[in-house]
């Protein structure tokens, strides 16, 4: 996946807005003012934090080795 595919997917969700509240290198997607995804724009390797239910996050980490815990995203 590349950044444009990620943007297209996120923006296809109802009520989604993209912002740059932390500066020009950090893209944030929100629904009704709440962040659900953060990604850096300053790296060649695409990575992103996705906010989700803590129990789902544990399941996803158990099923997929590429899923890592996100900083402050388990609320």
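The values are calculated or read from the model by the stated rules, or taken from the named source; none is laboratory data. Owing to the predicted nature of the structure, the values given are computational and were not obtained by experimental measurement. Every residue, glycine among them, receives a Cβ derived from its backbone with ideal geometry; neighbour counts consider all protein chains shown.
Data for the structure
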read-out	value
Residue in the range 39-50 that is in a helix (DSSP H, G or I) and surrounded by 11 or more Cβ atoms within 10 Å (Cβ to Cβ) present	no
Residue that is modelled with the lowest pLDDT, among those in the range 54-71 that are in a loop (DSSP other than H, G, I, E, B) and loosely packed, with under 10 Cβ neighbours inside 10 Å	71
Matching entry among 14, 24 (being part of a loop (DSSP other than H, G, I, E, B), in contact with a strand residue (DSSP E or B) (Cβ under 8 Å, 6 or more places away or on another chain) and at pLDDT 95 or above)	14
